[in-house]
Amino acid sequence: MRSHSMKSNSIRKFLYISPFMVLLAVFAYYPLYGWVYAFFDYTPPIPLSQSPFVGLKWFHSLIENQVKIDQLLQVIKNTFGISGLSILFSWLPMIFAIFLTEIKAVRFRKFIQTVTTLPNFISWVLVYSLAFSMFSSEGVVNGFLHQMGFIDSPVLLLQSSEHVWVTMWVWITWKTLGWSAILYIAAIMGIDESLYEAAYVDGATRMQVIRHVVLPSMLPTYFVLLMLQIASFLNNGLEQYFVFQNAFNKDTIQVLDLYVYNLAMGGGSYSVSVAISMLKSIISVVLLFSVNGLSKLLRGEGIV
Amino acid sequence: MSDNQTGLSPNSRDIDFNKKMKMQVSTADKLISITVYILFSLFAFVCVYPFYSIIINTISANDLSAKGEIIFWPKGIHFQNYIDVFKIPGLGNAFVVSLARTVIGTLLTVGASAFLGFMFAQEDMWGKKFWYRFTIITMFFNAGIIPWYLTMRSLHLTDNFLAYILPSIVAPFFIILVKTFVEATPKELQQAAAIDGAGIFTIFYKVILPISKPILATVAIFSAVNQWNSFQDTLLLVTDSKLYSLQFILYNYINQASSLSTMVNLQNAGSTAMATLATKQTSTSIRMTVTIIVVAPILLVYPIFQRFFVKGIIIGAVKG
């Protein structure tokens, strides 16, 4: 009797959350059904039910001729370039946090932390607007350089196809560095006092304390974040690249997410772009589970 | 003390400790300190200056601003830009749309996150582990942007205000934050209420909600910022200009500010107050002024709530 009522109680609890699970099913899981578009010859006004089934045609079409292969390769290269730069410099927030907590002037430290986390809270559209005001041909930087007599004609930073990966990485770093450091600051707070004391008693210098006490305590956090970053290697997101793209930098700024968007919304090629979306999601999941497995193997615990 | 709670500074004890030990400061250490101060100051400047620069440009004489002469101090201060920009048709409407989605979306997201976080902290829910994973995995895995768009279209959520609200109600990251928080509260609180005959909703409403205020404040701020900043959903789903959000309007203005400035100037030319060179709208002045209008709520709210964000993210980091 008692166990029966406990069971009905536990089911009732589930019923309370079920509306939310339905929402999740609709907005996160049902879109998976959209993958069928990749196997049909779908053109927008005609409904899917009347579109011909074409099997793997669109997947083949991706590698059908050299032009398309080159295009896709360039997009993959851009994705790898920008994500690669981020991973290469993924230690920056950690270093940022270490040196920030080394600052003993409390006011200065708080000021720095407040100010450097601010950009994290504005949208990419606003970042672009700031970038435009700073670096466009009539922007503040060009105005300043011109006034100082350093340049005669404006430097066109936003309309250049060169160094796009680097400038995109710089904007990402500008936006997120201060914020990303917070997790590491939390890790530093958790370090056992006695470790510091022991190090000072042994006569360690500040750099030695950082190297032998602080850094090793941060590595688990760093490792988890690095794994997550690797798992989302292909997911650069759309917004940043969408707002920064223009006729000049189109070739080097198109990452997978933007490419998929441009194909569908710009070119109307829904089926091809769903095919790429689908491959991308599958590879991402494989990456996530590999990284999770690797993490289990190396540290004995997964990241997901 | 409050320092330690917000996690903003290293332990105050370790600062005292340095003094006590009268640590020998070598020249190398001093050099490092100086470099660190300079680098942090530079980065802080880089983070703040763009905002500052745009603000002083919008209140300076537009002809000087267009020539790029406003760099550190405003010159020829006036506020005509703000008056003119508010006259641009569509901007007021977009403001209302953004405000509405921020308020409604935030309320629903906070409510759902609180309830789900609380429910996932219950030991005895049927299939708890499965449903929790079902929720969390969506953080890492999605069908992709085009399948998502096609779904939204098939649900008739294009050109529909609900599209701004419904998909964001169940937010896995916020649920983790609340769940972690609730799990850290003493079990006895809920047990005592249950013994007194309180049902699950009473426990949630009377016991959990009041003590979860700090974490819910964090969720509210994050959620509001997300809603206010959201651009992609308008871009993908909305063609009806009545549903444009401020971010979307701003993006359009960046691309077509020159035609807007002509329009505003024509409008002003008709009125008795002829625009002087200093107050005449340029494409730069329009763009910058709208930027400030869009970023202002964040700049105003940010310093007040910064402590909450930091605390919240640290609570979430424990488990997340």
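Some observations on this one:
- Rounded to the nearest 20, the size of the Cβ-charge dipole of the range B:90-171 about its Cα centre is 120 debye, with Lys and Arg at +1 and Asp and Glu at -1.
- Over the residues of the protein assembly as shown, the helix contribution to mean residue ellipticity at 222 nm works out to -21500 deg cm²/dmol, using -39500 (n - 2.57) for each DSSP H run of at least 4.
- When chain A is treated as a Gaussian network with alpha carbon springs shorter than 10 Å, the biggest mean-square fluctuation among A:Met189, A:Met278, A:Met21 belongs to A:Met21.
- The ellipsoid that matches the Cα gyration tensor of the range B:57-158 has semi-axes, each √(5λ) in whole angstrom, of 48, 19, 16, with the longest given first.
- Once backbone amide H atoms are built at 1.01 Å from N, A:Phe40 has A:Val54 as its partners under 5 Å, excluding neighbours fewer than 5 places away on the same chain.
- Relative frequency of Cα-Cα separations exceeding 23 Å in the range A:1-134, percent: 73
- Charged side chains reduced to their Cβ positions (Lys and Arg at +1, Asp and Glu at -1) give chain A a dipole of some 1060 debye around its Cα centre.
- Stretchable slack from A:Leu219 to A:Glu193, in nm (0.36 nm times residue separation minus alpha-carbon distance): 7.6 nm
- Taking 15 Å as the straight-line reach from the Cα of A:Lys110, the aspartates and glutamates in range (excluding those fewer than 8 positions away in the same chain) are A:Glu102, B:Asp3.
- Residues B:Ile211, B:Ile169, arranged from fewest to most other Cβ atoms within 10 angstrom of their Cβ, appear as B:Ile211, B:Ile169.
- The convex hull built on the alpha-carbon positions of the range A:65-136 has an orientation-averaged projected area of 7.4 nm².
- For A:Phe248, nonlocal amide neighbours, meaning residues 5 or more places apart or on other chains whose placed amide H falls under 5 Å from its own, do not occur.
- Rh (Kirkwood; distinct C-alpha pairs) - the protein assembly as shown, Å: 27.2
- The Cα center of the range A:212-288 and the Cα center of the range B:28-68 differ in position by 31 Å.
- Of A:Lys13/B:Lys179; A:Lys7/B:Lys206; A:Lys104/B:Lys30; B:Lys128/B:Lys213; A:Lys175/B:Lys213, pairs whose Cα-Cα distance is over 18 Å: A:Lys7/B:Lys206; B:Lys128/B:Lys213; A:Lys175/B:Lys213
- Label-point gap, in nm, between B:Ser33 and A:Thr43 - each point 7 angstrom along Cα→Cβ: 7.3
- Normalised by the number of residues in the range A:130-248, the average gap of Cα pairs under 8 Å and 6 or more apart makes the relative contact order 22 percent.
- Peptide A:254-260, shielding by other chains (average Cβ, 10 Å cutoff): 1
- Compactness index (Cα Rg / 2.2 N^0.38 Å), the range A:155-259: 1.54
- 16 Å Cα-Cα reach of B:Lys129 towards aspartates and glutamates, excluding residues that sit fewer than 8 places from it in its own chain: B:Glu183
- Distance (nanometres) between label positions extended 7 Å along Cα→Cβ at A:Met207 and A:Val54: 6.2
- More than 37 angstrom apart: percent of Cα pairs within chain A: 37
- Derived scalar couplings ³J(HN,Hα) [the range A:40-45; Karplus, 6.51 cos²θ - 1.76 cosθ + 1.60; whole Hz; x for Gly, Pro]: 10, 8, 9, 10, x, x
- Set of lysines near B:Lys75 by C-alpha distance (under 18 Å), chain-local residues within fewer than 8 positions excluded: B:Lys67, B:Lys280
- Think of the protein assembly as shown as having a plus end and a minus end, set by charges on the Cβ of Lys, Arg, Asp and Glu; of A:Leu234, B:Thr262, B:Asn62, A:Leu234 sits farthest toward the positive end of this dipole.
- Each of B:Phe141, B:Phe248, B:Phe308 has some number of other Cβ atoms within 10 Å of its Cβ, and from fewest to most they run B:Phe141, B:Phe308, B:Phe248.
- Within the listed set A:Val155, A:Val22, A:Val115, the Gaussian network model of chain A (springs between alpha-carbon atoms below 10 Å) gives the highest mean-square fluctuation for A:Val22.
Readers should treat all values here as calculations from the given coordinates under stated rules, not as data from a laboratory. Because the structure is predicted, anything quoted here is derived from the model rather than measured. A quick note on method: Cβ atoms are made from the backbone with ideal geometry, for glycine too, and the neighbour counts reach across all protein chains shown.
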